Amino acid sequence: MITLYGIPNCDTVRKARRWLNEQAIDYQFHNFHKEGVNEALLQEWVAKLGWEVLINRRSATWRKLPKSVHSKICQNSVVQLMLENPTLIKRPILDLDTSLYIGFSETQYQELF
């Protein structure tokens, strides 16, 4: 099963969804706002990708966090921070079988599918 994780009002998520729909690729969309994200899944993503890759440092949520939080972030604290603030997670995340891909690139998606 193919799952695309993100939030519906994110431009990059919209591009990824549009591309998948245009290619008639069957996928499930997991909306962080409505469905949330669980700790076990975040732990798995951190283990596979590294927490630094998962944090969206360009997000408004990141910019609103105190600088003291930015400087103290580590592998032990990042999962709780993402649970409390799912919009900190870089998106979209494409879960394709057992592989994870962050962001959207039409070229990359063409290679994957």
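The numbers here are math on the coordinates, done by the rules we state, and not lab data. None of these values were measured; they are calculated from a predicted model. A quick note on method: Cβ atoms are made from the backbone with ideal geometry, for glycine too, and the neighbour counts reach across all protein chains shown.
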**Asked** So which residue, out of Ile73, Ile102, Ile55, gets the largest mean-square fluctuation from a GNM of the chain using Cα contacts under 10 Å as springs?
**Response** Ile73
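Suppose we keep just the DSSP beta bridges with both residues in the range 2-112; what percent of those would be antiparallel, to 5?
Values: 9 of 13 bridges.
Within the range 2-112, antiparallel bridges account for around 70 percent of the total.
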**Message:** Within a 10 angstrom radius of the beta carbon, how do Trp62, Trp45 rank from fewest other beta carbons to most?
**Reply:** Trp62, Trp45
**Request:** Convert each backbone phi in the range 8-24 into a coupling constant with the Karplus relation 6.51 cos²θ - 1.76 cosθ + 1.60 (shift: θ = phi - 60°), then list the ³J(HN,Hα) values in order as whole Hz, x for Gly and Pro.
**Result:** x, 8, 7, 4, 5, 5, 4, 4, 5, 5, 4, 4, 4, 5, 5, 8, 6
**Asked** Along the range 50-60, what does the Karplus equation 6.51 cos²θ - 1.76 cosθ + 1.60 (θ = phi - 60°) give for ³J(HN,Hα), rounded to whole Hz, x for Gly and Pro?
**Response** x, 5, 4, 6, 7, 7, 8, 6, 9, 6, 4
**Item:** Residue of Ser71, Ser99, Ser59 that the Gaussian network model of the chain assigns the largest fluctuation, springs spanning Cα pairs under 10 Å
**Value:** Ser71
**Message:** For the chain, set up a GNM with springs between Cα atoms under 10 Å and report which of Thr61, Thr98, Thr87 has the largest fluctuation.
**Reply:** Thr98
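At a Förster radius of 35 Å, what calculated FRET efficiency corresponds to the Cβ-Cβ distance of Gln75 and Asn21, to the nearest 0.05? Let's see the in-between values first.
Details: r = 36 Å, r/R0 = 1.02.
Efficiency at R0 = 35 Å is approximately 0.50.
So how do Tyr5, Tyr101 line up by other beta-carbon neighbours within 10 Å, fewest first? Present the calculation step by step, with values, prior to reporting the outcome.
Values: Tyr5 23, Tyr101 17.
Ascending number of Cβ neighbours within 10 Å: Tyr101, Tyr5.
Starting from the range 1-107, pick out the trypsin sites (Lys or Arg not before Pro) whose DSSP state is loop and whose Cβ has at most 13 other Cβ atoms within 10 Å.
Those satisfying the criteria are Arg57, Arg58.
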**Request:** Enumerate the residues in the range 1-21 having an amide nitrogen under 20 Å from the point lying 7 Å beyond the Cα of Ala60 toward its Cβ.
**Result:** 6-15
**Complete:** Stretched fully, the stretch from Lys34 through Val53 gains (0.36 nm per residue minus C-alpha distance, one decimal, in nm) 4.5 nm
**Asked** Between Ser99 and Ser68, what length in nm is gained on full extension when 0.36 nm per residue of separation is reduced by their alpha carbon distance?
**Response** 7.8 nm
**Complete:** Once the dipole of the range 2-112 is set up from charges on Cβ (+1 Lys and Arg, -1 Asp and Glu), the residue from the list Leu49, Gln110, Ser68 lying farthest towards its positive end is Ser68
**Message:** Output wanted: per-residue J couplings in Hz (rounded whole) for the range 36-43, from phi through Karplus 6.51 cos²θ - 1.76 cosθ + 1.60, θ = phi - 60°, x for Gly and Pro.
**Reply:** x, 8, 9, 4, 4, 5, 4, 4
**Asked** Exposure proxy check: Met82, Met1 ranked by fewest other beta carbons within 10 Å?
**Response** Met1, Met82
